[in-house]
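*Asks:* A single structure is presented below for examination.
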């Protein structure tokens, strides 16, 4: 029995020593999405596309309501020829199908857009975390969501966001052609 307690005490002591040697960092993923230039760019692109799809849905919905109101108005229908009424009913059916397609596209876009933001920002966080880990000797960098509790002094989110912004600026410089110098224009 004494041997078991001795072994347990030694195991605990060795685990504490190992843990003391480890350098751990914690990153808040949500903050990286909201605060980093990469996250902001992805969110803006997503929002622009979302607004375009919403506009299409709203325009189609407006047309549907107008035709529906006309089809329900007996006085209006009495003034139409049979061909015009059939044409209006056909148009209503086509708009209904179009509306269903737009709604499906919207939901699909929302899902894919959110996944794209997640993947892009996770890639940026990974690159930044690797640079910080090698520069500052971190053994492990975890997402805040993986921890039930952590000491606030382990939070390195601001460093990660800064590194992400530096990477973003570097990538932006690579992608945009250099502006011509004034002498070259003359």
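*Asks:* Sort through 93, 79 and tell me the only one that's over 30 Å from residue 163 (Cβ atoms) and either in contact with a strand residue (DSSP E or B) (Cβ under 8 Å, 6 or more places away or on another chain) or at pLDDT below 90 (or both).
*Replies:* Of 93, 79, the one residue that is over 30 Å from residue 163 (Cβ atoms) and either in contact with a strand residue (DSSP E or B) (Cβ under 8 Å, 6 or more places away or on another chain) or at pLDDT below 90 (or both) is 79.
*Asks:* Among the residues of segment 120-129, which ones are farther than 13 Å from residue 37 by Cα and under 8 Å from the mean Cα position of the chain (by Cα)?
*Replies:* none
*Asks:* Would you check if residue 80 is surrounded by 12 or more Cβ atoms within 10 Å (Cβ to Cβ), in a loop (DSSP other than H, G, I, E, B) and free of Cβ contacts under 8 Å to residues at least 24 places away in the same chain?
*Replies:* Here the answer is yes, as residue 80 does meet what is asked.
*Asks:* Another question, if that's okay. Looking at 129, 135, can you tell me which residue is touching a strand residue (DSSP E or B) at 6+ places or on another chain (Cβ under 6 Å) and either within 30 Å of residue 167 (Cβ to Cβ) or part of a strand (DSSP E or B) (or both)?
*Replies:* 129 is the lone residue from the list that is touching a strand residue (DSSP E or B) at 6+ places or on another chain (Cβ under 6 Å) and either within 30 Å of residue 167 (Cβ to Cβ) or part of a strand (DSSP E or B) (or both).
*Asks:* To continue, here is another question. Regarding residue 52, is this residue within 23 Å of residue 105 (Cβ to Cβ), part of a helix (DSSP H, G or I) and touching a helix residue (DSSP H, G or I) at 6+ places or on another chain (Cβ under 8 Å)?
*Replies:* Against the criterion (within 23 Å of residue 105 (Cβ to Cβ), part of a helix (DSSP H, G or I) and touching a helix residue (DSSP H, G or I) at 6+ places or on another chain (Cβ under 8 Å)), residue 52 does not qualify.
*Asks:* Out of the residues in segment 96-111 meeting the condition of being within 21 Å of the chain's Cα centre (by Cα) and exposed (fewer than 13 other Cβ atoms within 10 Å of the Cβ), tell me which one is farthest from residue 42 (Cα to Cα).
*Replies:* Looking at the filtered set, the residue picked out is 104.
*Asks:* Further question on the same structure: Restrict the check to segment 31-38 and report whether at least one residue is out of contact with any strand residue (DSSP E or B) (no Cβ under 7 Å at 6 or more places or on another chain), at pLDDT 90 or above and in a loop (DSSP other than H, G, I, E, B).
*Replies:* Yes, segment 31-38 contains a residue that is out of contact with any strand residue (DSSP E or B) (no Cβ under 7 Å at 6 or more places or on another chain), at pLDDT 90 or above and in a loop (DSSP other than H, G, I, E, B).
*Asks:* Could you check, for segment 162-169, whether at least one of its residues is touching a strand residue (DSSP E or B) at 6+ places or on another chain (Cβ under 7 Å), over 22 Å from residue 46 (Cα atoms) and surrounded by 13 or more Cβ atoms within 10 Å (Cβ to Cβ)?
*Replies:* No, that holds for no residue.
The values are calculated or read from the model by the stated rules, or taken from the named source; none is laboratory data. Treat the numbers as computed from the prediction; the structure is a model and nothing was measured. Using ideal geometry, Cβ is built from the backbone for each residue, glycine included, and neighbour counts are taken over all protein chains shown.
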